[in-house]
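The values are calculated or read from the model by the stated rules, or taken from the named source; none is laboratory data. Note that this is a predicted model, so its numbers are computed, not measured. Please note: Cβ atoms are built from the backbone with ideal geometry, for glycine as well, and neighbour counts cover all protein chains shown. Remember, those area values only see protein heavy atoms, side chains included, never the ligands or the DNA or RNA. Shrake-Rupley method; radii C 1.70, N 1.55, O 1.52, S 1.80 Å.
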Amino acid sequence: PNGKPTRPPLSVSLPIESLLAELTTHLAAKCGVPVSQQVLSRSGLTLDPAASLYDNGFEGGVTGYRVALALKGAPERPSVLAYTHRSLSSLSDDNISTLDISKLTKAFLTQADFEDDEQCQPPPSPRKKGSFEGIHRQKLAEMEQKLKALEEANTRLKKEAAAAGGALDDEMEMQVRKAYTDKLAEVIAMRGSGSGKVDARVFDEYNELMVQLSDSDLGEMYKCFMLLYTDEWTDETLETLGIPHPEGDEDLPQTTIGFSEMMAIKIGELIDQPRQARIQALASSRQKKKDAEAQRQKELAKQRLLMESAAAQKAIRERVFEALIPMWTLLASGGGDQAEARRFSRKAELKLLVSTPEEMKAYSNYTWQNMASSGLRQSELFGLLCVLNGPRVPGQAESFKLIVQKKVGAELPPEPAVSDMCALPKWARGGGRGVEAMWAGKEVVHAA
């Protein structure tokens, strides 16, 4: 009322290409409100009745928007009436004609208002030529995006063809040449910086672009590098390579001349090869280098595992030796359990556990050759490895050490098994003549 929107606003649905005049005509036919009394606005902006809904900012039609209808000349305090599609359709024509539209404060129009009531359909109105300009702009933007995507895909396919050594058009050949000269300038600047730092990635990119040059461009680059190396270059030579001209009467830097010599030799080896062969050779060389590096890393990892395993095994055998050397010393002297003492005295392998390097050297070759790992306990095998890996062990012990090492294996025993190996038997624990009592307060010194 009085030019202010009603609350809540009307809810309507119209397609995007409809003119705003169709909306006002629809409201006039449906609600009996003359067009002259209607004031339509969106976000406080005055709308153009001669333009389409799209051009007025309703990009999806008026569905989902709230369109405010203000009634001119209505009373300041209208009574509150609610007219819905259901309530209006239940009234007769006579009752509808008696409704005071000026007091309408709430009205909800649904799609059924357009579909069920032919009288509510707005009369056709001539469309202006610019009604669909917004739609056309949207369609044009979509087509431009698709065209850009196609151009990018085409460029990518051409680059893939170049990488495979395929034929390129003139534009792509120029792009490859431009990329090569740009990368060449980066390489020369890096070599002439004096920092001594060389980025391998830049050289890899340079070599990749060099093999992609056409046969004619590669030949021209070879000629230019030869002119630089022989000091017969001209301004055109530098311009072709993309190298800046030295200031004044200065000569070219020695780093540039040295690089020219290297490139003349390298390109001279490639100049008789077709582009596809050059590209494949570079790819093959990189793959071999990659495989070699992978194999090297694999060997390093294997060596690290072996070193870690050897260190862990050394710690285990030293731990077992320290725990059991008192018992073995007691058995070697004939003490302790007599059955164990007799077994210890009969096996030359067990006597090694308490032998010094000098005593080992006194063993005959026959004795060393007859030593075996059969009948030895796991704890005794670890103890023998501790002794045989010590300093000044005679060379005759090597074959027996390998036998023991093979019997033990490379796999590390679990912690419970190590604890069991380090545990003294019952007869060697406690008591007057037990090992613990015999060795109380003494320190075990070993060489391994």
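The table that follows gives values for the structure above.
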quantity	calculated
Solvent-accessible surface (1.4 angstrom probe) belonging to His245, in square angstrom, nearest 10	100
Label point distance in nm, Ala362-Lys401, each placed 7 Å from Cα along Cα→Cβ	2.2
P(r) weight above 18 Å for region 177-223, C-alpha pairs, percent	30
Solvent-accessible area of Glu340 with every protein chain in place, 1.4 Å probe, in Å² to the nearest 10	40
P(r) of region 218-302 over all Cα-Cα pairs, binned every 10 Å from zero, in whole percent	15, 34, 22, 18, 9, 2
Cα point-scatterer Debye curve for region 170-273, base-10 log of I(q)/I(0) at q = 0.13, 0.15, 0.20, 0.23 Å⁻¹	-0.45, -0.60, -1.09, -1.43
For Phe58, residues with placed amide H under 5 Å, excluding near neighbours	none
Accessible area of region 206-248 belonging to carbon and sulfur atoms, whole % at 1.4 Å probe	48
Ranked order, Asp169, Asp291, Asp251 - accessible area, probe 1.4 Å, largest first	Asp251, Asp291, Asp169
³J(HN,Hα) computed for each position of region 331-347 - Karplus, 6.51 cos²θ - 1.76 cosθ + 1.60, integer Hz, glycine/proline x	5, 5, 8, x, x, x, 5, 5, 5, 5, 5, 5, 4, 5, 6, 7, 9
Stokes-Einstein diffusion coefficient of region 305-441, Kirkwood radius over Cα pairs, 25 °C, 0.890 mPa s, in µm²/s	156
Sequence of Trp233, Trp427 when ordered by accessible area, the most exposed leading, probe 1.4 angstrom	Trp427, Trp233
Heavy-atom accessible surface of region 267-399: percent carbon and sulfur, 1.4 Å	52
